[in-house]
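These notes concern the structure reproduced below.
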């Protein structure tokens with residue numbers, strides 16, 4: 001298992017309403033942001049590998065109706081199923097999926113903007129970290145992966161504020177984008 005990076009999911013205003021209510025000149029900053037975690041994974045070997053990502057958070061953890069998870073290798077944005085586990089306030093969610101030989105996938109973890117109540121309240125944030133390992137269902141015992149984590153956010157909301165976007169690459173725990181994994185590591 002190898003640590004990849006931290007993450008922060010957001011669906012909330014740029015500035016709290018208490019600030020924009022008392023300082024109306026700051027109301028153009030009242031736009032909301034939808035920020036997700038995007039993880040590009042390239043399998044640079046000649047063998048299919050099943051990978052597992054473990055997402056660790058503290059309470060409230062990942063709630064299925066509040067967070068979307070997809071894996072995109074062909075443009076289909078296919079949902080990724082998960083296994084949830086918790087120990088006290090620590091929540092662990094495991095996502096297992098295949099990456100074909102010499103192929104690249106994009107794992108997306110973001111607030112569920114299709115959840116009407118979550119979108120209306122716009123008061124969601126979740127932070128944690130991500131680990132990766134070769135799944136026990138994989139026939140491959142070792143693999144090499146190029147991994148790039150990033151946050152991407154879209155600003156939206158007020159009539160006076162236009163849509164905007166932000167994207168930035170996150171630092172990797174091992175300091176390099178090439179991960180060499182084995183079933184024992």
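Just a few scattered comments:
- Any hit, the stretch 3-10, residues being touching a helix residue (DSSP H, G or I) at 6+ places or on another chain (Cβ under 7 Å) and either farther than 15 Å from residue 152 by Cα or in a strand (DSSP E or B) (or both): no
- Qualifying residue in the stretch 89-105 (condition: in a loop (DSSP other than H, G, I, E, B), at pLDDT below 95 and surrounded by fewer than 19 Cβ atoms within 10 Å (Cβ to Cβ)): yes
- Selection status of residue 130, more than 19 Å from residue 62 (Cβ to Cβ), within 15 Å of the chain's Cα centre (by Cα) and touching a residue at least 40 places away in the same chain (Cβ under 8 Å): no
- Of everything in the stretch 152-164 that is surrounded by 11 or more Cβ atoms within 10 Å (Cβ to Cβ) and either assigned to a strand (DSSP E or B) or in contact with a strand residue (DSSP E or B) (Cβ under 6 Å, 6 or more places away or on another chain) (or both), the residue that is modelled with the lowest pLDDT is 157.
- Evaluated against (1) within 25 Å of residue 33 (Cα to Cα); (2) touching a residue at least 60 places away in the same chain (Cβ under 8 Å); (3) more than 18 Å from the chain's Cα centre (by Cα), residue 135 falls short on exactly one condition, (1).
The values are calculated or read from the model by the stated rules, or taken from the named source; none is laboratory data. For clarity, every value in this text was computed on a predicted model and none was experimentally measured. Methodologically, a virtual Cβ is constructed for each residue, glycine included, from the backbone with ideal geometry; neighbour enumeration extends over all protein chains shown.
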